[in-house]
Amino acid sequence: MTGYRLGDAEVVDTFAEAFPMRYSRVVITAATEAWALEAARSMTGFATSIIGCKCEAGIEMEVRGEDTPDGRPGIAVLLFAMDREGVGKRILERVGQTVMTCPTTACFDGLPGAERSVPLGRSLRYFGDGFQASKVIAGERFWRIPVMEGEFLVCESVGVGRGVGGGNLVIGARDEATALAAAMAAADAMRGEGIALPFPGGIVRSGSKVGALSSKSLPASTNHQMAPTLRVQVKDSLVPDGVAALFEIVIDGVSEDAVREAMRRGLHAAAGAGAKHVTAANFGGKLGEFHFPLSELRDPP
Amino acid sequence: MSLTLTLRKPPPARVLAAPLDPDGLRGLDAGAVGALELRCGGEAVPVGDLFEVSGSAAEDGTLVLIGDLRRFDGVGAGMASGTLVVHGNVGSWAGAEMSGGVLQIFGDAGARLGAAYPGARAGMTGGEIVVSGDAGEEAGAGMRRGLVALGGRAGAGAGLRILAGTVIALGGIGEEAGLGNKRGSLVSGRPVEPLPAYAFAARLQPPALRMQLLRLRALGLTVDERFLRGVWARWSGDRTELTRGELLLFDGENGSR
Amino acid sequence: MTEIRISGGAVHDPANDVDGAVRDVCLKDGKVVEDVGPGARRIDARGMVVMPGGVDIHAHIAGPKVNGARKLTPDTRRDDPVNRTSMLRSGTGGLVPSTFTTGYRYSLLGYTTVVEAAAPPLAARHVLAELRDTPMIDKAFLILMGNNQVLFELMRQPGGAASERLRDAVAWWLEATGGYGVKLVNPGGVELFKRDNGNVHSLDDHVAGFEVTPRQVLEAIGGAVDELGLPHPVHVHANNLGLPGNADTTLETMRTLAGRQAHFAHLQFHAYGRASGGLPSSRAPALLDHLSDHPELTADVGQVMFGEAVTMTADGPVGALLRDLGAEAWLNHDTEVETGCGIVPYRYRASSYVHALQWGIGLELFLLGKDPWQIMLSTDHPNGGSFLSYPKLIRLLMDRGFRDEEIGRANQRAIRRTALTDGLDREYTLNEIAIITRAAPARRLGLRDKGHLGIGADADVTIYHDRDDREEMFATPRYVIKGGELVVEEGELHRVEDGVLLSARAEFDPEVSRVLEPLFGERYTVAFEHYPVRDPALREPARVIEAAGS
Amino acid sequence: MSELGPITCMGCGLLCDDVTVETSGDDVRLRPECRLGARWFAERTRLTGKPPATINGEPAEVGAALARAAELLRSARRPAVSGFEGATVEDARAAVALADRIGALVSHGSLDGPWAGAPAVPLRGSSTATLGEIRDRSRVVVIWREDPERTHPRLLGRLGFGGPGERTLVVVDERETATAARAGLRLTWSRERDLVALSALHALQRGLTIRLDELASELSGLLERLATVHHVTFVYGAGLTAGPGGQRRALALHELVRSLCQERHAVTLELPAAPGTRSADDVLAWQTGYAGSVDFASGHPELVMATEPLDEFDVTLRVESGGSGGGLVAGPDAEVWIRTAAAGVSAEGTAHRLDGVPLALQAPQADSAPTAAALLARLLERVQG
C-alpha cells in the first residue's frame, strides 16, 4: 500500500465509497439568527445516519437577511434520504416538530425550480385545522398556519435534488487531543454550500462497519479495524503505529463534486492541524456508486 | 429594446387599451403593432395614430407604454403573461380580470384597478399589479387570486367582494374597504376605520406580508423600511361572510401606536 | 308569395305516418300544398332529411322573469356578442339571450314555434312586447294561475271549485292577456312563500288565508281548462320540485288530475325517490308506468345538461332553496295576487351525485318511456341548459356509443342508481326525434297546422344534412323555411320573419267581470279596467285558436 | 269643468292608473289628490304657441327637422341616445333600434352626471315585489334616504299607510323631509355613513356584536321591529345608489335583505329617477341583454363600464315624451327639437311601473304631435336611407 505525505500526515491510498441519495434544502428564518439556529439544530439533531435515523441532515450555512425570502436571518439545512419519498416524510416530520414549533420561524424551499418536489406546507397546513390560509407570492404558494404566537409561514413544497451521501475522511493523530483538533479543523474547512456533516460537530468517533462479527442480526457494529484499543486484539487492524485516536467525518453533499472538494478541504486542513494519519472508509468498492480516492485530493484546494 | 409605445397626444375620446397585451403582441414588428386598431370612443383608431412605436416585441414579452394614459381604460386588462410597464397614469379598469403576468404602472391608476368587469363575480385570477401612485375606487373588486399593490392611496371600496388575493395600499386603503371580503387580504399603510363587519383580532408581524413587501421592492415599488420592521393590526372580516378575510393596518414600528 | 318545391328528401312526418319516404313537399302561401307550378323555387333535398319545423313546448324566453335573469347575468353574455347586420339586430347570447338573438338562434336550430311556459298575467304587456321583439318564430305563452288569490276566492265560494264562474274566469284571463294556455306552478306553495317564506309539502296542505289545498287548485283549474276544451291542457309544474321523494307528490298530482287532459312540465325535476342520507334516487320508471296507463297525460322531460344553466321559475321557494344551497346570486320577485319568481345561475357538474342523477333520470324518461308522443324533448331552457344544447341531447338519444361515453364521465354512484347501464341500448330513430321535437308538442299544443307536413299544414319546414354525427346534423340545418319563406341556409339567416302570436280563446260569460271586479279591487294595485291588454300593437299579428268547448 | 279618466298618470314612476283628471280652465286637479300628477298633466296640456319643431331655435317643419337630425346622427363620430323621461316602452324600443343602427351609446341616466359604475344586482341578486305584495304583507317599510312624499306622492298610501292594518314606517334620513315627518322611527345618520350603517345592520342582524356602540344603539330599534315581523320592505333609490360608491351601497342593501330573508320575507322597492326610466331599463335589457347604459359602438351591445362621465359625444339625441320642453332633442347644443305627443295625455302606449308592472297609457287629450316612437321610427328610416 503506497500513499503520500501531506505535511506530517500519511495519506493512505484508499478511497471513500459513497452512495446516491435524494436531498432537500430548507431555509429556516427567524426574528434572530439565534432562533433560526435553534430550529436548525433541532431539525438536524438525531439525523446522523440513514441506518439509525432514516435520514441524514446537517446545517449547511447561514443565509444573510438580504438573501432570504422574507428578509430575515436564516439558516440553510440539508436533509438526505435514500429516495424522494423518504425525503418527503422526514422533512415533513422534522419541519412540523422542530421548525413550526420554534418561536418566530418561517420555512422556505432552498431548491426553487427543482424538477421534482415533495409537499411540505401542502401537508403541514392541516395542522391549521381549517383556519390555514394560503398566499401566492411571486408565483409560489405559501401557507399561513395560525399558531399561538401569530402565524407560521411555510412553503407549499420543497424541491428534491440528487445528492451524494457517505463521503468520509478518517483522521488519526498521536493522541486524542491532537486527533480531535485535526478533525475539528477538517470539519470547519469542509462545511459550506452544498455540504452537510450529519454527525455532532461533524465528527464521528464511533465509526461503524456493516454487520457484525458476532451476530447476524446487527445491521452495524463498531469499526474494529479502526479502534486503537483493538490494535493487537484483531488481526486486520488498520491503526498504524503512533496513532492513538481516530475520528471520522461523514460528508453528504449535493453533488459528487461538492463532496470531493469538501474532502479535499478537510484533508488539507487536517494535515495542517496535526493529523498523522488520514484514510477513508469503504466497503470494498462494491456497494457505492461513487468512489473518492484520496490520491486525487493531493492538490490543495 | 422592448416594444415601446410613446403617446403622441391625448386621444379625442376614451380608448379601450386591453388589446395592448404584451403576450398578444409578442412577435409583431413595429409596423404590425402600429396597424392594430383600438376602440377610441365610437371609432377604431390604429395604434400608430395614437402612439409612436419603437423597439420590437422581443421574446422577453415586455411592453412599455409611455405617456399620460388617463383616457386609456383597461390597460393590461385580461393579461395572462408577460410584463407591461407604464410610465404615466392610466384610466379605469387597468389590469381588470388579469390572470397572470406583471403590470407595473409608474403613475396613478383610475377606478376598478384589477377588478371584475360589471356583473362578473370573479376579477383577477392571478398576476401582479404594482402602481407607484394612487388608484381610484374599488381596486381589486372581486379578486380571486393575485396582488394589487399601490405605493400611494387606494380609493374607497377597495377589495369589494374579494374572494382571495391581496390588495396593498402603502399610502392608505380608502374607506369602506373589504365589503363582502371572503378570504382576501387588504393591507393599509395608514390607519382607517374598518367596516363594522370587521373585528379586531391581534397585532402581529405577518411573515407573508413581509415577503410580499419584499416582492414589491423587487417590482420597483419604494417600500419604507418601517413597514418591514413594523407591527400590523389584523382585523378579521367580512364577518357576514366567512370571517376568513383580513384587513391589516400598519400599527407603527413597535406596535405602540 | 314564394312557391317552393322541396324535392327528393327523406321526409319524416310522423303525424302523417311518413317515416323517411322520399317525396316532394310543396309550399305555397305559407302552407303545405299538393303541388306548385313549374316556376316554383326548387330545393334539392336529395340525401337530406325533411321534417316539420321544431316546436318547443316548454321554454323560458320572454317576460319579466327572463329579463330579470338577463339583468342578473351580464357576465354570461359578454363573450357571446351578436353583431348587427343590414338585416339583423345586434344582441347577446349566452344562456339567456336578448330577444332578437333568441329568435335568430331558435330559427338557426330549425325551430319555428316556441312556447314561453310561465308568464305572470299581470305582466302580459311586458311578455307580449318581448315576444314581439323575438322574430323568426311563432310564439305563445302560458299564464300562471296556480297561486292566484282571486281564483282561490272563487274556489271557496259555494260550489266554486267546479263552477261555471271559475271556467269563465279562466277564459276571461286568457282573453285579457292574449295567453295560450294555463300553467300551474307549485299550486298554493308560492302564495305561502310570499306570505312568510312558507310552502306546501303535500296536496292536502292548507294554504293559509284561503281555505284551499293544492289538490283543490289542481282539480278546479285542471277541470276548468279541460271543460273549456282549450287547445292545450293544463300545464303542471307540480309541488315539491327538486326535493328527494317528490315522485310521490307527482304521482298523487297525476292521480288527482285523473281523467282530465294534463301536461306535466320538466318531469325529470319531479321524479325523485329518497335514498339513504337524504339523497334523491330515481323514480322515473314509476312515473313512466303511470303515464303509459294514462294516455290523457303527457310530459316534457326537462333534461339537465352538464355545464352552465340559469334556473328561473315562478316557484319562488325553489329559488330560495337554491340560495340556501350557496348560490352566489339570487333574484326573487313577488307578483301580487298571482305568482312569484326565483332566479339562480347554476352549474350542473358531471361529478356531482345529484346532478348526474338528474341527468340520468332525464335520459331514463326518454329511453324507458314507451310512447314518444307522451314524452317530449325539453331542457326547460335555460333551467336544465340552453336550447342550444338540444342537438347534443338528440345525439345522446340517437347514438348509444356517444351516450355510453358521456355516461362514463358522470358520477358513477349516481349512474348506478339509474337503469342507464342495465343494457339500455335504445337508440331513437329519426322519426322518434321528429315526434318528440315537433309532432308531439304541436299535437299537445292543439296546433293542428304545426308539427306535420300534411296538406294545409303551416309551411314551417327544416331540412337537415343526413350526418352520422347527429349533434352536428341537428345543430346546423341545411335549410329552414318559416311560413313558406326560406329563412336559414347552412347556418346563415337570410330573411327575417316576425312570426305570429298564438293565442287561445274560449267562450265566457262577460258577466264574470261583475264577479271579478270587486275581487280585483280588493287585491290588485292596478285598475280592473286597465288590466286587459287591448293594444293591437301588442296583440297582433296573432293566430287565435278556439277552444273546443266542453 | 270636465272630467277625464280613469287614466294612468305618468307624473312619477308610480303610474297610478286610477286617476281622474278634473280640469276647469287652467286649473287641473287629480282625484285622488296629487299635486305632482296635476302639474304633470297641466304642463302637457298647455302648449300655447309652441311650433312643432325648431332648428337652432327657429320654428321648422317636422320633416325638415327630422332630415336635419338624421344628417347629424349619420355624420356623428360618437352619438349618444339618452333621457327617456316620460318615455314609453314603445319609445324606448324605437330609440334602442335607432341606437343599434347608428352605433350609439344608450343611457337612461344623465350623460354628464356621475355614472353609477358597475351594477350591483348581478353580484348577489335582489329580492323585489310589486306594490300589492308590499301593501298586503309588509308590516315594516324602511325608506332609505328618499322623500316619496315629494317625488312619489301616493307611494305611502299605495303601500297601505293611512289605511287599515298596523305597519311601521322607518325613515333613514337626517333631513326633515315630508316623508320623515310621517315616520314611526327615524334614523338620522348622514349619507356618508350609509355603508357603515348597512354593514353594521347586517352584522347585528346576524347576531354579531360591533364596536360602534352608538351606531348599535341607534340601530337597535329597527332591529327589534324587524325581528317581530314576517315581511319587511326597503324602499331605496338614487339617495342610496347615486354617485361614487353607489354600487357598494346598493350591494350592501341587497346583502342585508338577503340575510333578512332567512328568517322572514324581505323585499326591496327601487324608486326610479323618472317615469320612463324603468321602461327604458327593461327594454334595454331585453333587446341587448344589458341594463343601464349600453354602447353599440362596436356593432354589438356592450355594457358601459365607464366610472366617470364620458365627455366625447359630438351628437346626442335626447328622448322625452311630451310637455312643453319634451320631445326629441338632437345635435350638439340641442340644434334640433321636435315636439312629441305626451305619453299618457295625448299618446297611448305602455309603461312599466317602478315595480315592473306594465300598464297601458291612455290619451285623454288629442294632440296632433306624433309620438316619440313614431318620430324615432321615421328617423331610423332616414338614417338608413
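The values are calculated or read from the model by the stated rules, or taken from the named source; none is laboratory data. What you see is a predicted model; the values in this text were computed from it and never measured. Cβ: placed from backbone, ideal geometry, glycine included. Neighbour counts: every protein chain shown.
Which of (1) touching a residue at least 60 places away in the same chain (Cβ under 8 Å); (2) more than 14 Å from chain B (Cβ to nearest Cβ); (3) buried (at least 24 other Cβ atoms within 10 Å of the Cβ) does C:Leu72 not meet, given it meets every other one? All conditions are met except number (2).
For the stretch A:137-178, taking the residues that are surrounded by fewer than 18 Cβ atoms within 10 Å (Cβ to Cβ), at pLDDT 95 or above and aliphatic (A, V, I, L, M), the one that is nearest to A:Gly88 (Cα to Cα) is identified as A:Val147.
Of everything in the stretch A:117-139 that is in a strand (DSSP E or B) and farther than 19 Å from A:Ala76 by Cβ, the residue that is farthest from the other protein chains (Cβ to nearest Cβ) is A:Pro119. Condition check for C:Val533 on (1) of a type in the set (A, V, I, L, M, F, W, C); (2) within 14 Å of chain D (Cβ to nearest Cβ); (3) under 16 Å from C:Val337 (Cβ atoms): one failure, at (3).
Any residue that is within 14 Å of chain C (Cβ to nearest Cβ), out of contact with any Cys (no Cβ under 6 Å at 6 or more places or on another chain), in a loop (DSSP other than H, G, I, E, B) and surrounded by fewer than 24 Cβ atoms within 10 Å (Cβ to Cβ) - is there at least one of those in the stretch B:131-146? Spell out the reasoning first.
Taking the stretch B:131-146 and keeping what is within 14 Å of chain C (Cβ to nearest Cβ), we get B:141-142, B:144.
Going one step further and asking which of them are out of contact with any Cys (no Cβ under 6 Å at 6 or more places or on another chain), we end up with B:141-142, B:144.
Checking the rest, the ones that are also in a loop (DSSP other than H, G, I, E, B) come to B:141-142, B:144.
Retained after the next criterion (residues that are surrounded by fewer than 24 Cβ atoms within 10 Å (Cβ to Cβ)): B:144.
Yes: the stretch B:131-146 contains one or more residues that are within 14 Å of chain C (Cβ to nearest Cβ), out of contact with any Cys (no Cβ under 6 Å at 6 or more places or on another chain), in a loop (DSSP other than H, G, I, E, B) and surrounded by fewer than 24 Cβ atoms within 10 Å (Cβ to Cβ).
Residue-level check: of (1) more than 12 Å from chain D (Cβ to nearest Cβ); (2) over 25 Å from C:Met473 (Cα atoms); (3) in a helix (DSSP H, G or I), C:Leu128 misses just (1).
When D:Leu4 is tested against (1) of a type in the set (A, V, I, L, M, F, W, C); (2) out of contact with any Pro (no Cβ under 7 Å at 6 or more places or on another chain); (3) within 23 Å of D:Ser368 (Cα to Cα), just one condition goes unmet, and that condition is (2).
Within 14 Å of chain C (Cβ to nearest Cβ), in contact with a strand residue (DSSP E or B) (Cβ under 7 Å, 6 or more places away or on another chain) and aromatic (Phe, Trp, Tyr) - does that describe any residue in the stretch B:90-107? Yes, because at least one residue in the stretch B:90-107 is within 14 Å of chain C (Cβ to nearest Cβ), in contact with a strand residue (DSSP E or B) (Cβ under 7 Å, 6 or more places away or on another chain) and aromatic (Phe, Trp, Tyr).
Summed over the stretch D:84-107, residues that are within 8 Å of chain C (Cβ to nearest Cβ) and under 19 Å from the mean Cα position of the chain (by Cα) total 3.
Within the stretch C:44-64, the residues that satisfy the criterion of being surrounded by fewer than 24 Cβ atoms within 10 Å (Cβ to Cβ), assigned to a strand (DSSP E or B) and touching a residue at least 60 places away in the same chain (Cβ under 8 Å) are C:Met48, C:Val49.
If you check C:Gly423 against the conditions, is it in contact with a strand residue (DSSP E or B) (Cβ under 9 Å, 6 or more places away or on another chain) and at positive phi? Here the answer is no, as C:Gly423 does not meet what is asked. Hey, any hits in the stretch C:498-505 for a residue that's crowded, with 17+ Cβ neighbours inside 10 Å, touching a Gly at 6+ places or on another chain (Cβ under 9 Å) and free of Cβ contacts under 8 Å to residues at least 60 places away in the same chain? No, the stretch C:498-505 contains no residue that is crowded, with 17+ Cβ neighbours inside 10 Å, touching a Gly at 6+ places or on another chain (Cβ under 9 Å) and free of Cβ contacts under 8 Å to residues at least 60 places away in the same chain. If you scan the stretch D:335-365, which residues turn out to be aliphatic (A, V, I, L, M) and either at positive phi or not in a strand (DSSP E or B) (or both)? Across the stretch D:335-365, the qualifying residues are D:Ala341, D:Ala342, D:Val345, D:Leu354, D:Val357, D:Ala363.
Quick check, is B:Ala120 part of a loop (DSSP other than H, G, I, E, B), modelled with pLDDT of 95 or more and either on the phi < 0 side of the Ramachandran plot or more than 12 Å from the chain's Cα centre (by Cα) (or both)? When the stated conditions are applied, B:Ala120 does not pass them.
Among the residues of the stretch B:103-113, is any in contact with a Leu (Cβ under 9 Å, 6 or more places away or on another chain) and among the basic types (Lys, Arg)? Within the stretch B:103-113, not a single residue is in contact with a Leu (Cβ under 9 Å, 6 or more places away or on another chain) and among the basic types (Lys, Arg).
Take the conditions crowded, with 21+ Cβ neighbours inside 10 Å, small (Gly, Ala, Ser), in a strand (DSSP E or B) and under 18 Å from the mean Cα position of the chain (by Cα) and apply them to A:Ala57. Does it pass? It would help to see each step written out before you state the result.
Numbers: crowded, with 21+ Cβ neighbours inside 10 Å: yes; small (Gly, Ala, Ser): yes; in a strand (DSSP E or B): yes; under 18 Å from the mean Cα position of the chain (by Cα): yes.
Criteria met by A:Ala57.
For the stretch C:432-460, filtering for residues that are farther than 21 Å from C:Asp371 by Cβ and touching a Ser or Thr at 6+ places or on another chain (Cβ under 8 Å) leaves 2.
When the test is whether a residue is within 16 Å of D:Thr371 (Cβ to Cβ), in a helix (DSSP H, G or I) and among the acidic types (Asp, Glu), D:Glu71 does not pass it. B:Gly114 - would you say it is in contact with a strand residue (DSSP E or B) (Cβ under 9 Å, 6 or more places away or on another chain), in the same structural domain as B:Gly88 (by TED's automatic domain parsing), part of a loop (DSSP other than H, G, I, E, B) and in contact (Cβ under 8 Å) with a residue 12 or more places away in the chain? The answer is yes for B:Gly114.
Against the test of being in contact (Cβ under 8 Å) with a residue 24 or more places away in the chain and either touching a His at 6+ places or on another chain (Cβ under 7 Å) or farther than 18 Å from D:Ala92 by Cα (or both), the options C:Ala129, C:Ala119, C:Ala123 yield a single qualifying residue, C:Ala119. Which residue is nearest to the chain's Cα centre (by Cα), if the candidates are limited to the stretch B:92-117 and must be farther than 19 Å from B:Gly189 by Cα and among the charged types (D, E, K, R)? Ranking the qualifying residues of the stretch B:92-117, first place goes to B:Arg112.
Filtering B:Leu28, B:Leu38, B:Leu50 for residues that are away from every other protein chain (no Cβ under 14 Å) and under 23 Å from B:Gly136 (Cβ atoms) leaves a single hit, B:Leu50.
Among the strands (runs of 3 or more DSSP E) confined wholly to the stretch A:144-262, which include 3 or more residues that are out of contact with any Ser or Thr (no Cβ under 8 Å at 6 or more places or on another chain)? Please lay out each step first, then the result.
Values: elements: A:151-155, A:157-173, A:208-210, A:220-222, A:245-253.
Those strands (runs of 3 or more DSSP E) span A:151-155, A:157-173, A:245-253.
It is to be established whether one or more residues within the stretch D:169-180 are of a type outside the set (Asp, Glu) and either within 14 Å of chain C (Cβ to nearest Cβ) or part of a loop (DSSP other than H, G, I, E, B) (or both). Among the residues of the stretch D:169-180, at least one is of a type outside the set (Asp, Glu) and either within 14 Å of chain C (Cβ to nearest Cβ) or part of a loop (DSSP other than H, G, I, E, B) (or both), which makes the answer yes.
Taking the stretch A:107-149 as the search range and keeping residues that are of a type in the set (Gly, Ala, Ser) and either in contact with a helix residue (DSSP H, G or I) (Cβ under 8 Å, 6 or more places away or on another chain) or not assigned by TED's automatic domain parsing to the domain that holds A:Lys89 (or both), which one is nearest to B:Gly245 (Cα to Cα)? First the steps, then the outcome.
At the first step, the residues of the stretch A:107-149 found to be of a type in the set (Gly, Ala, Ser) are A:110, A:113-114, A:117, A:121, A:123, A:128, A:130, A:133-134, A:138-139.
Narrowing the set further to residues that are either in contact with a helix residue (DSSP H, G or I) (Cβ under 8 Å, 6 or more places away or on another chain) or not assigned by TED's automatic domain parsing to the domain that holds A:Lys89 (or both) leaves A:123, A:134, A:138.
Numbers: A:Ser123: 22, A:Ser134: 11, A:Ala138: 20 Å.
Of everything passing the filter in the stretch A:107-149, A:Ser134 is nearest to B:Gly245 (Cα to Cα).
Within the stretch B:216-257, the residues that satisfy the criterion of being surrounded by fewer than 20 Cβ atoms within 10 Å (Cβ to Cβ), within 10 Å of chain A (Cβ to nearest Cβ) and basic (Lys, Arg) are B:Arg217, B:Arg229, B:Arg244. When D:Glu224 is tested against (1) within 11 Å of another protein chain (Cβ to nearest Cβ); (2) in a helix (DSSP H, G or I), just one condition goes unmet, and that condition is (1).
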